[in-house]
Structure formats: structure tokens, C-alpha cells
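Remarks on the structure that follows.
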Amino acid sequence: MNSRILLRSIFLTLLTLLLGGWVPARADSSHARIIRLSLVQGDVRFARDVHGDPLTSDKATWEGATLNLPIRQGYVLATDHGRAEVELENGAMAFLAENTVLEFYDLSLEDGAKTTRLVLRQGTASFYVNPGGEDYFSVTGGDFTVEADGRAGFRLDNFDDGSVVDVTKGRVSVLRKDKTTALIKGQSLSMRAGDKNSSEIARLPENDDFDRWVSGREDAVVTATTAAQQYVSSPYYSSGVADLYTYGSWYPVSGYGNCWRPYGVGLGWSPFASGSWFSDPVYGSAFIGSQPWGWLPYHYGGWVFDPFYGWLWSPGLGFGGFGFNGFLPFRPVTGVFIRSKNGLLGLVPAHPLDVKGKEPINLAKGVFPVARGGVSQQALTGSGATAESWKVMKAPPREALTNTAVAASGAPTRVSRTIVGAGNSARVVTVGRDGSIVYDAREHRFVNGAVAPQSASATSAAKADVASKSAPAGERAGQGQVGVPGRPSAGAASNMRIPVNSARTVAPPSRSVAPPSRAMAPPPARASSGGSGGGWGGAASRGSGSSAGSAPRSAPSASAGAAHPSAGGGRPH
């Protein structure tokens, strides 16, 4: 057994060195990408395969989201009183503020190039984009689509009466029908719903609490990822590698290079001691590690048993050349299900050199019985593991994995938002449910409900003015808008003008009339520029065929320009 492992190790090492950084072009355009929910704070939920607007669909089934949830194309992520972070394979990240709904419209892979098209259905989200040479990334939010041109960072707010994008890093292109606007770091663009001529470009407003939270999260991931590079030889970014540095240690193991295990565990630790199961019709039953580090070790690489350290996670020899950023396939669990003749179901930690369908190499090191819906922490080892006659299973019985990671949840709250100028120093303010700002369906705008105009006539305006003068001084100071203590107030909300350097204000969740839903289908991803990608070391350019579940690719107007490969794309932040 040892000689066989050694020969395989030598062969794969030579193959990796021979290939170097080159990765062959992949013709498969139907490969399903799986990305990671990397942080959950407060109330976060998700739905799968929702058609149309998930906030109005009566067929959407919502479930409570959990840390390390695998996200695929067709998922919708929502926050109420919570925040969330999503980490993609190539280092891109999405940060969701409270009361935000983000749809993963298109997560496809074509010839090694990743296409990511997201739809911000409501709320506020920030995005850090770190594309490879031919990756495509865009977010559609109500009135326009934001395309990242190379490495970039931006924040998008989707309101009922308009949208705002702020560029914090790099540059982006804002697309609305046949018009494309280029923005660079430090610029903000706002646009009213249904008015293509209303776009205004201004300077960024001051950072608010959400911006500071996003900045702190980015810095933490960058720092940990950079520190982790000393233990791995891959030049590519790998989702979750930062958490391995933060929550565990690396140990050199002969024949396998650096291997990892979490802090605070002993020789008898079980790899499947902390986690539960999640079933999806696309990839089957996946193990979700409940610890922050529970992503990479349970979906990539394999496990080796060392007499001194016990179970260690090994990235595998392919990690050095290719990394885990989409080149190596996602595995629901780094384990092999086996069943004995007497009906005992067990799980064996997968070895990096296991052959599919063959007896797992780690069989003699331990079999963890699957009972009572979960995986036992006490393994059958030595003669107890090999005495039985085991048969490898393609998939476990569904009824055997009842220890589920998610539970049913209600639909997210539909929250009204409006663009209200609030001075140069304000950003986002949340108003209580007893606020007076409501949506006027006749006027197609938000107004002060206490003095809502019946029409746009001068008579109605005069009546509103009279009501304003008769109101208490505190109400007159901010009538029709949201006031911020200690900050300058702005014009009435019924005017709805966006001054330069304007900030964004959130209207109360309660309202008399729901605003009309705006169509938010992303445009087709732009065609490949045909150049060699910096992240693939000269890989062949992708074709122009359609990706799985997405519209056919087409080139945008000439004003959109060609793709801008990121220098060192696909590398850590």
C-alpha cells in the first residue's frame, strides 16, 4: 500500500511540474459553479430556483441560511436584520447589508472563464471583484447594470424610485439599454426609475457603518490570505484558505507536503465531528461544516492519517499548479460512503489519491458509522474496520442523512426605499414603522403621507404648503424627508431631487401602496476579448456559445469597450 501511494505521489508531482502554470482549455460550458456563503450575521435566509421576482413569488420556498452554505446558480440570498458575505472562487466577494435580496442569476463556467451575473432585487450590497483574464462580473440593480472592468470595488443601492452606484476601487461600466457610462474610483452615479435622462455623477458620500464593516472584512481576508500563501504553492486564489490560516495550523507530512488541522483538537479528533447535511437536487447531499473553516476541507482535497497528529487535511498535489478556484470540481463531501453486508452504513475520509469506485485508501484507518441521521464521532478502526466486507456506494440513502443544516423560514420583508438628499455628510438612515413617507402610485414617487399631494397641480402644492406651515416646528424642518440629528437636512422628499454629493436615505418598511416592480433581467455577458488571461497563463480563449442557464453571449455597443484583464487576475486580493 505504501509503495503504491509513493509511486502515485511521484507521478502526480512530476505531472504538476511538467504542466507548470498551464491549464488546458475546457470545452464544457455546462459546469455548475458552486460558491460559498462565508459569513452570516443575524437573520439570513435563501431560496432556490425562483422564477421572476423572489419578493412577490408565491412559489418561493425560503429556508434559513447557514455558514458555509454552498450557493449555485438560481439561488436567492436575503437578509432582514442581518448581514451576509459571499466568497467566490477567484477572490470576488459580495457583502449584503440589512434588508437586502441578491439573486445569483448566472454562475457559469466556459472554457475556464467564470461568468457571474447577479441581480440586486432590493437593498444595499458592496462587491469586490478580482477577475481572471476572461472572467465576467456584473450586477443589475433596478435601473442599470454595473460591469466590473478588471479589479474593482463598488457599492450598489437599489431603491423603489431609483438606483445609486459608488465606485470605491478601480473602474466600472454602467449600462442602461443603449447607453454606457464609465466610472472610476471616487465617483457615484444615481438614476431615477423610468427616466433614462436623470442620471447624475457626483463624488462619493462619506462612509457609513456598512462601508466600514465591508472595509474591515476585506482587510481581514486579505491579511489572512497573504499569510496563508507561505503554506501553499498555488499562485491562484482559493476560497476559504484564509480561514485555514486563522483557525488552524499547517504541518509538513512526508509525501503530501503541508497538511492542516484545526486548533484545539487531539489525536482522536474526527474530521466530521462538527457539521450537518444539506441536500440539493444538483449536487446531492453536501456536508456543511459548522466551523468558520468548514469549507475547503469538506469539498476539496482529502484526508491523511498521521500516527502523531491524527487526521490532517491535505490540499492534494493538484493544488500547487491549479488551486481550487474553479479548476478542481466541487465535491459534496470529502468522504466515501460504504455499506457492509450486514447493512452498516459508514463514511471513510477521502484520501487525496483515492480512485473513484475503488476501495478507499483510508479504510484501514477508520470507518465512521452513519447513524441517527449523522456521522458518529467514534470510528471503527484497525481490524474492526477491515473485518466487514464493504461496498462503495455512489450516494448514501437520503433517509440516512436527516441531520439537516437548514430549516424552513418565512419570506423576507419587502422594504420601501427612496432617494432623499440629506446633505453631504449623511449616508443611510432607517426610519421606524410610524414614519410618514409613503409611495404615491399616481405620482410615481415617495411623498410625505401626512400631506401627500392628490395631483401635481399648483393647488395641491399650495395645500401642502399650508399644512407645512401649520405643523410644529420640528415637523416643518424635515417635512417629506428623513431628518438626521446633528446633520444638515435637505429638501422635501416630494421634490425628490438628487444634489451633488447626495446621500441615500431609507424610507420606512410600512407603506400604503407598493411601488411597481421594475424588470431586472441582466444583459448578456459581453463577448470574450480573445486575449490571453493573466490568471490562466495564456489559456485558450473561450468560445462564444451560451452558458448553462444563461442567455447567449453577445458583444455590447462599441462604447462599452473590450474586456480589461486584471493584472495577476485570479490571485489573492
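The values are calculated or read from the model by the stated rules, or taken from the named source; none is laboratory data. All figures in this text were calculated on a predicted structure; none of them were measured in a lab. Virtual Cβ from ideal backbone geometry, glycine too; neighbours counted across all protein chains shown.
Would you check which residues across region 184-209 are of a type in the set (Val, Ile, Thr) and under 26 Å from the mean Cα position of the chain (by Cα) and list them? Correct list: Ile184 only. Only one entry of Arg33, Arg83 meets the criterion of being over 30 Å from Gly255 (Cα atoms) and modelled with pLDDT of 95 or more, and that entry is Arg83. Check whether at least one residue in region 158-176 is in contact (Cβ under 8 Å) with a residue 24 or more places away in the chain, assigned by TED's automatic domain parsing to the domain that holds Asn197, charged (D, E, K, R) and farther than 28 Å from Asn197 by Cα, and report yes or no. The answer is no, given that none of the residues of region 158-176 is in contact (Cβ under 8 Å) with a residue 24 or more places away in the chain, assigned by TED's automatic domain parsing to the domain that holds Asn197, charged (D, E, K, R) and farther than 28 Å from Asn197 by Cα. As an exercise: evaluate Ser199 against (1) surrounded by 15 or more Cβ atoms within 10 Å (Cβ to Cβ); (2) in contact (Cβ under 8 Å) with a residue 60 or more places away in the chain; (3) assigned by TED's automatic domain parsing to the domain that holds Gly91 and give the number of the one condition it does not meet. The failed condition is (2). In region 43-61, the residues that are β-branched (Val, Ile, Thr) form Cβ pairs under 7 Å with partners that are outside any strand (DSSP E or B), at six or more places apart or across chains, as follows: Val44/Ala65; Val50/Ser57; Val50/Ala60; Thr56/Ser517. Only one of the listed residues (Glu87, Glu63) is among the acidic types (Asp, Glu), surrounded by 19 or more Cβ atoms within 10 Å (Cβ to Cβ) and either at positive phi or in contact with a strand residue (DSSP E or B) (Cβ under 9 Å, 6 or more places away or on another chain) (or both). That residue is Glu87.
Quick check: anything in region 172-183 under 20 Å from the mean Cα position of the chain (by Cα), crowded, with 17+ Cβ neighbours inside 10 Å and farther than 30 Å from Gly289 by Cβ? Scanning region 172-183, I find at least one residue that is under 20 Å from the mean Cα position of the chain (by Cα), crowded, with 17+ Cβ neighbours inside 10 Å and farther than 30 Å from Gly289 by Cβ, so the answer is yes.
Only a single item in (1) touching a residue at least 40 places away in the same chain (Cβ under 8 Å); (2) in contact with a Gly (Cβ under 6 Å, 6 or more places away or on another chain) is not met by Tyr263, and it is number (1). Among the residues here, Ser249 does not qualify as hydroxyl-bearing (Ser, Thr, Tyr), more than 22 Å from Leu39 (Cα to Cα) and either outside any helix (DSSP H, G or I) or not assigned by TED's automatic domain parsing to the domain that holds Gln73 (or both). From the list Asp143, Asp106, Asp80, Asp157, the one residue that fits, being part of a strand (DSSP E or B) and more than 21 Å from Asp208 (Cα to Cα), is Asp106.
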